[in-house]
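Novice: Attaching a single structure in structure tokens format; questions to follow.
The values are calculated or read from the model by the stated rules, or taken from the named source; none is laboratory data. Note that the structure is predicted; figures quoted are calculated from it, not measured. Heavy atoms of the whole protein, side chains included, go into the accessibility calculation; ligands, DNA and RNA do not. Shrake-Rupley method; radii C 1.70, N 1.55, O 1.52, S 1.80 Å.
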Amino acid sequence: FQKPKSYTAAEATLNINPSVKIDSDINKVCPATENTYSDEFYTKQDVIVTALDNVEARRYIDSRCVANLRPLIDSGTMGTKGHTEVIVPHLTESYNSHRDPPEEEIPFCTLKSFPAAIEHTIQWARDKFESSFSHKPSLFNKFWQTYPSAAEVLQRIKSGESLEGCFHVIKTLSRRPRSWTQCVELARVKFEKYFSHKALQLLHSFPLDTRLKDGSLFWQSPKRPPFPVKFEFNDPLHYGFIVSAAKLFATVYCVPFTEKDLSELTILSIISTVKVPEFRPSNKVVQTDETARKPDHIPVSSEDERNAIFQLEKSILSNEALEADLQMKPISFEKDDDSNGHIDFMTAASNLRAKMYNIEPADRFKTKRIAGKIIPAIATATAAVSGLVALELIKVVGGYPADAYKNCFLNLAIPIMVFTETAEVRRTEIRNGISFTIWDRWTIYGKEDFTLLDFINAVREKYGIEPTMVVQGVKMLYVPVMPGHIKRLKFTMQKLVKPSADKKYVDLTVSFAPETDGEEDLPGPPVRYYFVQEDN
């Protein structure tokens, strides 16, 4: 009970067969842990078997298995449904070769202004968590990594230069809490904004007697009119929001706090002195179109830009734009750690919004299930999928031919069980008889003074075709039409890639010129470039 799943699974397995050797890890498998789960780690495995709970993680593991030519057996259950998929190097397509249809999303206007069910308020709370404690800190850090000096940023925006994200970053910097007291104050102000001012603004934009063009009332089912929530310190729901939000603000802004800081007495003494801004109605347009999507960028007015310059000047003069102030700590949502306060925040925020719209609230368990997209496991579905995975595992280890492998989809509620042959790996033709599959990887061995031009020539000499574009992940190393990129041909690969001291190689993506002008460049296989010849 309350142990990581990997530990519990290992313990249960050892009870069945004590001679099995198991290493239990609790690290997240993602780009941040590639020092632990390196290429060397993957190449030491005979086969990778996964039972992940999200598409993003599946795509990542699949890409690592393809890069290291490892077989992968993917599986999963969702209630009475289950699936297994076998991916074998050089024989089958990979998980990333196909795309599932996107999940149906709750309309943006429903989430933002017109929730009608508890699922809507929980998703709103999850979105607030992501934007406030994950997305905003990440953008903040990225901006200051690009422009490390606040004084330089001030000079550039004063000269009329437009720096992407500048206004929002400066706004965050100027409002940054620097003590536990300020974190609690910020949480109290957010309470007023989310659960009182929002309702007042909507009722200002659409009074209760508002009618549509056809004469019907605007506020009719499924639209529920909101009513402002008055803050009550003694209400556990209100108090829970303040504490959980303050703790998360303290975490992202790197503000230390103690157990004493979390006491009711301390929180009350801070809350009682907070100056809550009065509501001032605005003329902002409220989105009512259910087909409208969330805007990618919020436009910034000239007044906002002037205010940003003033705020940044103020921060610099008061020494509030020092190096330590230009860092935040993004939080990744983790539903299974009850001590981190993530679900506490979402439960309080969701239920306060539900109260505002007269929606039946949800307890912590239900909130965790919906926010974390948890679908209860059924033992029979899990057993069926486990058995099917074991069968495919025997085939992979035994080196069976392609026609022996079977993917499966099942739904025990109907019941239905569909077996299909694995999709044969597709070969992509470049030209002149040169082709590749997702499992192919070209290799080039360089040396310390190897230039980008040397690399391009080496690919042409070894594989008979000259790359016209070289990309490393999302970083474009060489795109001839980009300004300054022709000069890069003389740069060494070490200078362009900037590898860490222990990095022996880098995986690059190359493209080739089309046979006919006006067509898109032809994609090529990954090219593993070794920095020194001795690795050959």
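Novice: Calculate how steeply helix 236-252 sits against the longest principal axis of the alpha-carbon atoms of the chain, using the helix alpha-carbon long axis, and give the answer as 0 to 90 degrees to the nearest 10.
Specialist: Compared with the principal axis, the helix lies near 50 degrees.
Novice: How long is the range 440-530 along each principal axis, judged by its Cα atoms, biggest number first, in Å?
Specialist: Each principal axis gives a Cα extent; for the range 440-530 these are 42, 31, 23 Å.
Novice: Follow-up. In whole Hz and in residue order, list the ³J(HN,Hα) couplings for the range 80-86 that follow from phi through the Karplus curve 6.51 cos²θ - 1.76 cosθ + 1.60, θ = phi - 60°; x for Gly and Pro.
Specialist: So the Karplus estimates, Gly and Pro as x, are 7, 8, x, 8, 9, 9, 9 Hz.
Novice: May I ask for the angle, rounded to the nearest 10°, between helix 5-16 and the longest principal axis of the chain, with both axes built from Cα atoms and the value confined to 0 to 90°?
Specialist: 50
Novice: Quick check: with the 1.4 Å probe, what order do R426, R156 take by accessible area, largest first?
Specialist: On the way: R426 155, R156 65 Å².
Largest accessible area first, the list is R426, R156.
Novice: Can you sort H120, H90 by solvent-accessible area, 1.4 Å probe, largest first? Before the final figure, lay out each step's value.
Specialist: Values: H120 40, H90 105 Å².
Of H120, H90, the descending order of accessible area is H90, H120.
Novice: I would also like to ask the following. Any idea of D440's accessible area? Nearest 10 Å², probe 1.4 Å.
Specialist: Per-residue accessible area (D440): approximately 40 Å².
Novice: Next up: Express the carbon and sulfur contribution to the solvent-accessible surface of the range 440-530 as a percent, rounded to the nearest whole number, probe 1.4 angstrom. Before the final figure, lay out each step's value.
Specialist: Numbers: 2770 of 5210 Å².
The nonpolar share, carbon plus sulfur, comes to 53 percent.
Novice: Given the C-alpha centroids of the range 112-145 and the range 432-489, what is the distance between them in whole angstrom?
Specialist: First find each Cα centre; the distance between them is then 40 Å.
Novice: Continuing with the same structure: Once the Cα atoms of helix 342-356 and of the chain are each reduced to a long axis, what angle between those two axes, in degrees from 0 to 90 to the nearest 10, is obtained?
Specialist: With rounding to tens, the tilt is 50 degrees.
Novice: Based on a Kirkwood Rh over C-alpha pairs, give the Stokes-Einstein translational diffusion coefficient of the chain at 10 °C and viscosity 1.306 mPa s in µm²/s. Write down the numbers at each step before the final one.
Specialist: Numbers: Rh = 27.9 Å.
This corresponds to a translational diffusion coefficient of 57 µm²/s.
Novice: Rank these residues by their accessible area, most exposed first, probe 1.4 Å: K128, K3, K136, K490. Intermediate results must be reported in sequence, preceding the final value.
Specialist: Working: K128 55, K3 115, K136 80, K490 170 Å².
The ranking, largest first, comes out as K490, K3, K136, K128.
Novice: Once amide H atoms are placed 1.01 Å from N in the peptide plane, what residues at a sequence separation of 5 or more from I331, or on another chain, have their amide H within under 5 Å of its amide H?
Specialist: So I331 has HN proximity to S134.
Novice: Could you go through the range 285-290 in sequence order and give the Karplus-derived ³J(HN,Hα) for each residue, using 6.51 cos²θ - 1.76 cosθ + 1.60 with θ = phi - 60°, rounded to whole Hz, and x for Gly and Pro?
Specialist: Computed from phi, the couplings for the range 285-290 are 7, 8, 6, 10, 7, 6 Hz.
Novice: A further question on this structure: What figure in square angstrom, to the nearest 10, would you give for the accessible area of H135 with a 1.4 Å probe?
Specialist: Its accessible surface works out to 110 Å², give or take rounding.
Novice: Which percent of the accessible area of the range 349-406 is formed by carbon and sulfur heavy atoms (probe 1.4 angstrom)? Present the calculation step by step, with values, prior to reporting the outcome.
Specialist: Values: 2010 of 3060 Å².
Carbon-and-sulfur percentage of accessible area, whole number: 66.
Novice: Next question. Round to the nearest 10 and report in Å² the accessible area of K498, as given by a 1.4 Å probe over the protein chains' heavy atoms.
Specialist: About 150 Å², ignoring ligands and nucleic acids.
Novice: So how far, in whole Å, is the C-alpha centre of the range 1-46 from the one of the range 233-295?
Specialist: Each part reduced to its Cα centre gives a spacing of 39 Å.
Novice: Given a 1.4 angstrom probe, what's the average accessible area per residue across the chain, in square angstrom? Could the numbers behind the result be given before it?
Specialist: Values: 31470 Å² over 536 residues.
Ligands and nucleic acids excluded, the figure is 59 Å² per residue.
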